[in-house]
1. Do you know which of the residues in the stretch A:126-169 that are open to solvent by 50 Å² or more (accessible area, probe 1.4 Å), part of a loop (DSSP other than H, G, I, E, B) and in contact with a strand residue (DSSP E or B) (Cβ under 7 Å, 6 or more places away or on another chain) is farthest from A:L52 (Cα to Cα)?
2. Does the stretch B:522-534 contain at least one residue that is open to solvent by 40 Å² or more (accessible area, probe 1.4 Å), assigned to a helix (DSSP H, G or I) and over 30 Å from A:L54 (Cα atoms)?
3. Pick out the one residue from B:L264, B:L234 that is modelled with pLDDT of 85 or more and outside any strand (DSSP E or B).
4. List every residue pair whose Cβ atoms lie under 8 Å apart, where the two residues are 6 or more positions apart in sequence or sit on different chains, the first residue falls within the stretch B:533-547 and is more than 12 Å from every other protein chain (Cβ to nearest Cβ), and the second residue, located anywhere, is open to solvent by 10 Å² or more (accessible area, probe 1.4 Å) and assigned to a loop (DSSP other than H, G, I, E, B).
5. Looking only at the stretch A:170-194, which residues are away from chain B (no Cβ under 14 Å) and either buried (at least 18 other Cβ atoms within 10 Å of the Cβ) or modelled with pLDDT of 90 or more (or both)?
6. Just to verify a result, which residue in the stretch A:73-118, among those that are β-branched (V, I, T) and at the interface with chain B (Cβ under 8 Å from one of its Cβ atoms), is nearest to A:S38 (Cα to Cα)?
7. As an exercise: evaluate B:G310 against (1) out of contact with any Ser or Thr (no Cβ under 7 Å at 6 or more places or on another chain); (2) under 23 Å from B:A265 (Cβ atoms); (3) not aliphatic (A, V, I, L, M) and give the number of the one condition it does not meet.
8. Somewhere in the stretch B:705-728, is a residue in contact (Cβ under 8 Å) with a residue 24 or more places away in the chain, surrounded by fewer than 24 Cβ atoms within 10 Å (Cβ to Cβ) and not in a helix (DSSP H, G or I)?
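The values are calculated or read from the model by the stated rules, or taken from the named source; none is laboratory data. Predicted model, so just to flag it, every value in this text is computed and none were measured. Cβ placement follows ideal geometry from the backbone for every residue including glycine, while neighbour counts extend to all protein chains displayed. With ligands, DNA and RNA removed, areas are computed over all heavy atoms of the protein, side chains included. Shrake-Rupley method; radii C 1.70, N 1.55, O 1.52, S 1.80 Å.
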Amino acid sequence: MRRADFIVTMATCVLLPAARAQGFDLTQVTALLARNRSGQARFTEERIVGGLDLPLHAAGTLSFIAPDRFTRTTTEPRAESMEVQGNQLLLKRGGRTRQMAVDAIPELMALIEAVRGTLTGNAALLRSVFNTRVEGNAARWTLTLVPRDAKLAQQVRELKITGLHSDMRSVELWLAGGDRSVMSIEPLQPLASQQAAPR
Amino acid sequence: MKPRKAIALLAWAALLGLCVLRIVRTTFIADLSAFLPADPDPQQRVLIEQLQAGLPARTMLLAIEGGDAAARAAASRALAQRLRESQLFEQVNNGDSAAWGSIGSFLFEHRYLLSPAVNAERYTAAGLRDGIGETLSLLGTPAGNAIKPILEADPTGETLRIGEALIPVAAPRSVEGVWASRASGQAERALLLTITRAAGADLDAQQAALVRIEQEFATLQAPGLTLKMSGAPLFGVQSRALIEREIQWLSVVGTGLMCAFLWLAFGSLRALAVAALPVVTGVLAGITAVSLAFGSVHAMTLAFGTTLIGEAVDYAIYYLIQARAAGAAGWLRHGWPTVRLGLLTSVCGFAALVFSGFPGLQQLGVFSVAGLVAAAMFTRFVMPELMPHGAAGRGLRQALGSAMRAAIGWLPRLKLPLLALGVAAAVLLVARGDLWRAELSALSPLPKEMLALDASLRADLSAGDAKTLVVASGADLQATLQRAEAASRALDGLADQGQGQGRIAGHDSITRWLPSEAVQRERQAALPAAEPLRAALAQATAGGPLRAERLAPFVDAVQRARGQAPVTLDALRAAGLGPVVDALLLQRPDGSWVALLPLSPPLNGSVPPAAELRGALAGTDGLQVIEIGSELTRLYERYLGQAQLQSLLGAVAVLVLIALTLRNGRRVLAVCQPLLLAVLLTMGLLAAFGVQLGILHLVGLLLVVAVGSNYALFFDMLLHEGDDQGEGDGPDSDTLASLALANLTTVASFGLIALSALPALAAIGTVVGLGSLLALVLAAAFAPTRRRREPLSAAPAA
């Protein structure tokens, strides 16, 4: 596989984007992603917000347990967490805990589907909410998600997820107002995908 | 004779006239209140007030099915729009968030009075840095889009803080911008929730609102879409319609049956007309008595009144038949004491109902006692004046009497098999164990599909499904709000507990919208003047991404808030928050207040037991924890227990009466034997058919004892009167025929209500119809025989 990946990577570099249609598409990206049954990662995030003098920074951990649980725990600059479990969202901020139904807020639902669809490699789910575009190859790919729903598009312009093999490595979020955030992801359990692979 | 006759008739006519006068001015109600308990304890009182007068009584759930999601959403919007314009509704909600715009600006305007984060520490440099930091942590995320426009006026995120507390734990799913069903495997629906302006008890207004909804939906002309409705107003209107329908056919068929029996008895129209008089008198007197005792008459009582026809007509039959042979004076000597004893035993039975916990049953008791007494009094005092020689015409009495005689001769052979059946029934009853069911909903006249639709709509809307409530009550509004605030703090503690979820997912409280004045003043007092605030801001924002110069609107807003009038109940209503207020805050008729704090269970879990909640709430007076499901069960169990005791007392009263009349242990035993067997066999038959017994079956059994004792007494008297007078030729056909007729009318009238679609009536009807027939058969089978039952078979026709 390594050898094949190397060849594909080289070919991509040489043949430029014209060659990307050569079989590497959403189905293959999601097939790669679907190999992860669970995982943990550290993230750092930089947000550029119009009207603020400085960018905002945040750092923390991400965790995912298939099929529908994931948590984002922010440790810097403030302790916060967001945990999605099925249709429920659990928010902890400033020592307070709030729970809400995800599908009651369609925009929230769409974003959570984006994360969930990506984490579980569910192509159909992603296609139902977003127009998708895939660039790159198995070794290094970029998945761009543009909301189909007009209401969500008023909030979120696009999401750009890049990955190496079966690992998500960054998520770039462009908001409609021009603000954007870039999250870099560093997997904490690199063995997880290989353990799950034989399945 | 003449003056006595005139006096009797005049007195009767005058009383009847008074009854009619009272009845004309009586209100008839037909809701389900008859089966809500009359004297609840304080916790149950809250529940019942909610059911009767609270928001749920005005809330309708609507579902639009068919078509695709876009068509349903369009229909939902159009229907909501039209219903809002109708002015019949205080609120029409379909999940369209546009409706919340004005409420959002109300919260924003009052953020420094409503935000739980406001305190003196919040406006120090450190507090401001923390507050601003928390707000900034959302910027650059999709959630930040909403707060960015108000960042400069609300950098510490008070609006967000208020909003965050108001996010419901469970909310309907939103599709195409409107509420939609969640449950898979069912027809997809768009959902709406309406709250009428009219009170829940005003069924006419509720009906008008329902009709309006249907009309507006029809004019939408949305092909392929159908509308479904549910909710307490619909249940009320439907129950009323059902009860009215039942009364109509029961009274028509009941009257028809009575005429048929009278025809059977006399074959004479005149006799038929006269025999109807005690019935009419009894019914009118019954309604009047209920109206005087309760102020209004429940329609269910009227439906039950048809059974009174069956009882009261017996008196007429007894008199008209027996006075023909013996004359009025003779009847007064021999017939009246039997009728009087029968009356007294029946009254004992029905009087027990008066002490039951349900107004519905109390009304039945009062109605029946008054009705029977009036019918008997009419028979005793007016009948002899009207028809001094009884009624002419024999009808089919001869045949009926002969048939009875044959049956009586033959039935004692069944003594052993019947005894064996009785034992079998007793064994079955003991073996089944779970004979009694404590479930209030068993009394609801509504069809199961209707309740199922309601449950599924409620699940979709997450409406009214709180199983546990904390209730804060107080003599005035402020005291109530302060208690609710204390409870709310404790409940927040439960929600924030632990690493993952808390012990509860959250709770609702009116104090999030309407803090007590004390708390609002406290918050105002914590707001700093402009200068110190600017100084603290400069310090707090130094080196951060948000410069203090941009926050002038914040300083202004805080200054305004320092002199702002506190949020009041009226202000909330004016802002369109009436329904929110009414869902969480009630004023009792005595002027005191009740705040409801419904709890949401944690995900995949349930709310902690009441004891734990009480522990968490300890230290504040006027708080109660109510678990609705177990509370209702407990309530019904309590009434079942009460009813069992009362029925037992009623039965004992009947037996005492019999004992007092007979004054002979052996005879009392002989009378009780068939009664006990009748009760056992009735219960056994019901159990064999899988019927679970409730309070109404119990009431029915008591009536079986009360009515059935008459038959047993009859056979006893036959035997012993013969002894006294040394006649020994057994009963004549007329007497036997009148007994058969009396039983037929009872079985028929209770059998009729056994067919009723109202479960409460059907339960009583089944038990009494079946039980009284069994009582007669058993009384005949176990009739004490004198020297080998030759008198019964050898008696000549009179």
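1. Top of the filtered list is A:R140.
2. So far as the stretch B:522-534 goes, yes, one or more of its residues are open to solvent by 40 Å² or more (accessible area, probe 1.4 Å), assigned to a helix (DSSP H, G or I) and over 30 Å from A:L54 (Cα atoms).
3. Result: B:L234 is the single residue among B:L264, B:L234 that is modelled with pLDDT of 85 or more and outside any strand (DSSP E or B).
4. B:A536/B:T124; B:A536/B:P528
5. At the first step, the residues of the stretch A:170-194 found to be away from chain B (no Cβ under 14 Å) are A:170, A:184-194.
Passing the criteria: A:S170, A:S184, A:I185, A:E186, A:P187, A:A192, A:S193.
6. As a first pass, look at the stretch A:73-118 and keep what is β-branched (V, I, T): A:73-75, A:84, A:97, A:102, A:105, A:112, A:115, A:118.
Checking which are at the interface with chain B (Cβ under 8 Å from one of its Cβ atoms) leaves us with A:74, A:97, A:105.
On the way: A:T74: 19, A:T97: 25, A:I105: 26 Å.
Restricting to residues being β-branched (V, I, T) and at the interface with chain B (Cβ under 8 Å from one of its Cβ atoms), the top hit is A:T74.
7. (1)
8. Within the stretch B:705-728, one or more residues are in contact (Cβ under 8 Å) with a residue 24 or more places away in the chain, surrounded by fewer than 24 Cβ atoms within 10 Å (Cβ to Cβ) and not in a helix (DSSP H, G or I).
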